[in-house]
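These notes are about the structure you will find just below.
The values are calculated or read from the model by the stated rules, or taken from the named source; none is laboratory data. Source: prediction; values computed, not measured. We place every Cβ from the backbone using ideal geometry, glycine too, and count neighbours over all the protein chains shown.
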Amino acid sequence: MRPASAKTQLGFTLFEMMISLALGAVVTAAAVSLFSQGVDATWVTSQRAEMQQDLRAAENIMMKDISLAGSGLTSINGEDVPLPSTLGSPIYGCSTAGCAPNGGVKYPCVGAPCSPTLYPIMPGFGLGIKPPGSNTTTDLITVVYSDVNLGLNCYQTGAFNAIGNVITFTAPTAAQVATCVLPSGLAYPQALNNSVNGLVPGDVVLVQNTQGSAVGEVTAVAGPTGNPNPGTSQYVITFANGDTLNMNQSGSANDLTKICPPIAGGCSTVAGNIQANRLLVITYYLQNIPDPTGATTGTNILYRQVNGQPAVPLVDNIANMQFTYDTYDSSGDLLNATGDGGESLGISPNQIRKVNIAHLTIHSQLSGTRTSLMATTGYQSFDVQTSISARNLSYSNRY
């Protein structure tokens, strides 16, 4: 008998191997493509979430400030304070560290004749920057309200100096503490020079008595350290000329000398029943920061400027910021969505009842062209719009 054939199939043929390699390459390419798209989708989603979070945080701060406009100013007739202008118009949005666009903004002067005036809301229509690549000039907005976190109104205002630009504040006695407004949890007002929220150069202070109301910029603060002693601790606040905001113009009309007419030896007797509060003059504006690499676009940053203190950046990559205002004309008719709050028509900003954020736009930090999913859309962006009631103005001026 002949033995059976022992033939066996060893390996693949060349044709089978080529088919296997081709199929493997297709599967691998598909897997890589899916992975790449997953990475791209994760990058896009995280970038959108970051943009939305940053924009909402900035919007919430802005809405809070706008809703408080005029708070604490209801004791002033008309809720506005005329400012001195003999040495030039006072400005806002400025500090020793830098200024808003155009080197600071002059206070509104509405009607004729007029003087620069501090209002609870001051529109800055078309006073901002024109971001690189944009045809739209951005807006500014400034709101003013009283600071309730420092018990300045609890202190006795004693003697002014002879020219009316230095005021001495004396700590109240225990019996007077109940008559002033203090933050929750405090039984006695803080020292006016305390390191947390005390007065510092650049702060704006409103001073009132039977002579009227006036504001000045703090240029120096002197007084004892530590907790104040009731009835004895004294703090000397100086409002010298040459201040950053040009508010102090001693001897000029509407200066602090309106409250304290200059007389020999000071005017504490003449100026009795003085009340003082720190104001928060808050300006929102955009500034373009050049790119250190030499790129022409730079970075647009939304800043929040308080009094004469250095501006604080809130969020990067804001592409546009515009406001409109709902107000009343001189006949009491509604004017909706005006860009300047009616200022060009001679309407006082005190008539504003609602502030509309027409556009607050943010774009992504990186271009979408870096991903396969965003190959034709460039930067991502979000735009929010909302309306905020200026409740303090609306209520006090309308009811």
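Here are a few things to note about the model shown:
- Subset of region 131-145 (residues that are in contact with a Leu (Cβ under 8 Å, 6 or more places away or on another chain), over 9 Å from I66 (Cα atoms) and not hydroxyl-bearing (S, T, Y)): P131, D139, L140
- Filtered residues of region 100-114 (kept if surrounded by 19 or more Cβ atoms within 10 Å (Cβ to Cβ) and at pLDDT below 90): A100, P101, G104, V110
- Subset of region 195-211 (residues that are among the polar types (S, T, N, Q), in contact (Cβ under 8 Å) with a residue 24 or more places away in the chain and assigned to a loop (DSSP other than H, G, I, E, B)): N197, T210, Q211
- Residue in region 111-121 that is out of contact with any strand residue (DSSP E or B) (no Cβ under 6 Å at 6 or more places or on another chain) and under 26 Å from T386 (Cβ atoms) present: yes
- Residue within region 23-31 that is surrounded by 10 or more Cβ atoms within 10 Å (Cβ to Cβ), modelled with pLDDT under 75, in a helix (DSSP H, G or I) and among the β-branched types (V, I, T) present: no
- Matching residues, region 338-363, being among the aliphatic types (A, V, I, L, M) and either farther than 22 Å from L286 by Cα or over 21 Å from the mean Cα position of the chain (by Cα) (or both): L345, I347, I352
- Scope region 164-197; condition surrounded by 15 or more Cβ atoms within 10 Å (Cβ to Cβ), modelled with pLDDT under 85 and of a type outside the set (A, V, I, L, M, F, W, C); matching residues: G164, N165, Q176
- L192 vs. criteria part of a loop (DSSP other than H, G, I, E, B), touching a strand residue (DSSP E or B) at 6+ places or on another chain (Cβ under 7 Å) and closer than 30 Å to Y92 by Cβ: yes
- Residues within region 198-215 that are crowded, with 18+ Cβ neighbours inside 10 Å, under 20 Å from the mean Cα position of the chain (by Cα) and farther than 12 Å from N277 by Cβ, tallied: 2
- Residue in region 115-133 that is surrounded by 15 or more Cβ atoms within 10 Å (Cβ to Cβ), aromatic (F, W, Y) and in contact with a Phe, Trp or Tyr (Cβ under 7 Å, 6 or more places away or on another chain) present: no
- Candidates are the residues of region 216-242 that are under 27 Å from S89 (Cβ atoms) and buried (at least 20 other Cβ atoms within 10 Å of the Cβ); the one that is farthest from the chain's Cα centre (by Cα) is I237.
- Residue match in region 76-99 (condition: under 15 Å from V143 (Cα atoms), surrounded by fewer than 19 Cβ atoms within 10 Å (Cβ to Cβ) and among the β-branched types (V, I, T)): no
- Conditions (1) at pLDDT below 90; (2) in contact with a strand residue (DSSP E or B) (Cβ under 9 Å, 6 or more places away or on another chain); (3) on the phi < 0 side of the Ramachandran plot: number failed by T296: (2)
- In the condition set (1) of a type outside the set (A, V, I, L, M, F, W, C); (2) touching a Phe, Trp or Tyr at 6+ places or on another chain (Cβ under 8 Å); (3) within 28 Å of R391 (Cα to Cα), P101 is compliant with all but (3).
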